[in-house]
Amino acid sequence: APSPEKEASKADAWSSTRIPKSINEISNGENILGFGANLSADHPGYNDEEYKRRRMQIVELAKQHVPGQPVPYVEYTPAETAVWGEVLTKLEKLYPDFACKQFLDTFSLFNFRPDRVPQLQDMSEVLQQRTGWTIRPVAGLLHPRDFLNGLAFRTFHSTQYIRHGSNPMYTPEPDICHELLGHVPMLADPAFADMAYSIGLASLGASKEDCWHLTKLYWYTVEFGVIKEGEQLKAFGAGILSSFGELEWFQHGKGDQRPVFEPLDPFGKLTKMSYKDGFQKKYYVADSFEDLSAKIKEYATYLHNKNKVTSLDLSILQ
Ligand code: NLE
Ligand code: FE2
């Protein structure tokens, strides 16, 4: 069971509106919500002791990582590499029809190969050059405030362990396949990266309620966003792009069921997220990343005014 201190520090992460002055002030291992090394009973790896031990090893590496230092290399086992290879091979076939053009453009920068799980450090170096973003390893699902604040420092917190081999085509939580195939290519696109940065900016000094709304905004854009391309809808959200099942569902539905699509307004109410219980029932549609960024920046300004966050408070971001 979590210790009282841990629970208290989680509560702090919600209620303290203090703005971190650098990425070093955001912990990558303390405020972990669920998952991490403690799997819940409905996780596919729950009864697999070896899987849990292995995750623990990788999580320990992440906790020791110091910002600015290279991300530790993980020697993935043949079984882990096989999971990655299967996910990559199957998804690659769907991307030309289902992924947005920005994703298709940046994808080739990373030379993904089925026989080798890419290392976060190598991916981070490509992103540094393209958009100035850094990947930081994390011990599990970070507290939303910490995670969102990280985006304002152009830092993407990323898991390094891999999904359980029993269901490579869908996992309820982030894993290395999700980070690499969903987030990494999108973060190499400057307009998308600016949109993600805007969400981070909005989260600085945000109240608990506002932070929760921003979590949903993040969810329906960076994780499950859909963009208009002419008459078509294409995926840019990492949670869609890293799941074979969700890519099929968002385009074709299942049987006579279809997801619902709505335009995204950061000021509007956002629907309950489907987390752990399968695909999203509703997706929000963006016209372009530029349009989305402009709307989110307007929302950020509204939040900053409301929460009395000044330009001096934000000057740490240069
Ligand atoms: N469902 C996604 C996948 O299978 O890759 C992961 C979502 C993480 C938010
Ligand atoms: Fe994600």
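Comparing Thr106, Gln232, Ala152 along the charge dipole axis of the chain, the residue lying farthest to the positive side is Ala152, per the Cβ-charge model. The stretch between Gln121 and Ser108, if pulled fully straight at 0.36 nm per residue, gains 3.0 nm over its current Cα-Cα span. The charge dipole of the chain, taken about its Cα centre with unit charges on the Cβ atoms of Lys, Arg (+1), Asp and Glu (-1) only, comes to about 520 debye. Does the chain come out rounded, prolate or oblate, given a ≥ b ≥ c as the square roots of the eigenvalues of its C-alpha gyration tensor, rounded meaning a/c under 1.5 and, failing that, prolate meaning a/b above b/c? Rounded.
By definition, a body whose alpha carbon gyration tensor gives a ≥ b ≥ c is oblate when a/c is 1.5 or more and a/b is not larger than b/c, and the stretch 65-114 fits this oblate description. Along the Cα-to-Cβ line of Glu60, 7 Å from the Cα, sits a label point; which residues in the stretch 136-174 have backbone N less than 17 Å from it? From the stretch 136-174, the list is 138-140, 160-162. Think of the chain as having a plus end and a minus end, set by charges on the Cβ of Lys, Arg, Asp and Glu; of Ala286, Ile32, Gly132, Ile32 sits farthest toward the positive end of this dipole. 3J(HN,Hα) along the stretch 45-56: x, 4, 9, 9, 4, 5, 4, 5, 4, 5, 4, 4 Hz, from the Karplus curve 6.51 cos²θ - 1.76 cosθ + 1.60 with θ = phi - 60°, whole Hz, x for Gly and Pro. Each residue of the stretch 124-134 is assigned a 3J(HN,Hα), and the resulting list reads 4, 5, 5, 4, 3, 5, 7, 10, x, 8, 10 Hz, derived from the Karplus form 6.51 cos²θ - 1.76 cosθ + 1.60 (θ = phi - 60°), x at Gly and Pro. Estimated at 0.36 nm per residue, the fully extended path between Tyr275 and Phe261 surpasses their Cα-Cα distance by 3.3 nm.
Modelled label positions at Asn24 and Glu290, each set 7 Å beyond Cα in the direction of Cβ, lie 3.9 nm from each other. For Phe156, the residues whose modelled amide H falls within less than 5 Å of its own, excluding neighbours fewer than 5 places apart on the same chain, are Thr134, Ile135, Arg136.
The alpha-carbon of Lys90 sits under 30 angstrom from the alpha-carbons of these lysines, leaving out residues fewer than 8 places away in its chain: Lys52, Lys101, Lys216, Lys228, Lys234, Lys254, Lys272, Lys276, Lys281, Lys282.
Thinking of the stretch 35-153 as a set of Cα atoms, what percent of all their pairs are more than 19 Å apart?
Numbers: 4262 of 7021 pairs.
Percent of Cα pairs beyond 19 Å in the stretch 35-153: 61.
Using only DSSP helix segments of four residues or longer, with each worth -39500 (n - 2.57), what per-residue ellipticity at 222 nm results for the chain after dividing by its residue count and rounding to 500? Could the numbers behind the result be given before it?
Values: 13 runs with 141 residues, N = 318.
Using -39500 (n - 2.57) per qualifying helix, the result is -13500 deg cm²/dmol.
Evaluated with a Cβ-only charge set (Lys, Arg +1; Asp, Glu -1), the stretch 23-117 carries a dipole of roughly 140 debye about its Cα centre, given to the nearest 20. Label-to-label distance for Lys254 and Lys306 is 3.5 nm, based on points extended 7 Å past Cα in the beta-carbon direction.
Is the shape of the stretch 79-224 best called rounded, prolate or oblate, per the rule: a/c under 1.5 gives rounded, else a/b larger than b/c gives prolate, else oblate, with a ≥ b ≥ c the square roots of the Cα gyration tensor eigenvalues? Let's see the in-between values first.
Values: a/c = 1.77, a/b = 1.48, b/c = 1.20.
Prolate is the answer for the stretch 79-224, as a/c is 1.5 or above and a/b outweighs b/c.
When you count, for each residue, the other Cβ atoms within 10 Å and take the mean per peptide, how do 138-144, 93-99 rank with the highest first? Kindly include the intermediate steps, with their values, before the conclusion.
On the way: 138-144: 23.4, 93-99: 15.1.
Descending packing order for the listed peptides: 138-144, 93-99.
Backbone amide hydrogens, once placed in the peptide plane, bring Phe261 within less than 5 Å of Tyr283, excluding anything fewer than 5 places away on its chain.
Of all DSSP bridge pairs formed entirely within the chain, close to 40 percent run antiparallel.
Every number in this text was worked out from the coordinates using simple rules, so none of it is lab data. Computed from a predicted model, the values in this text were never measured in an experiment. Reconstructed Cβ throughout: ideal geometry from the backbone, glycine too, with neighbour counts over all protein chains shown.
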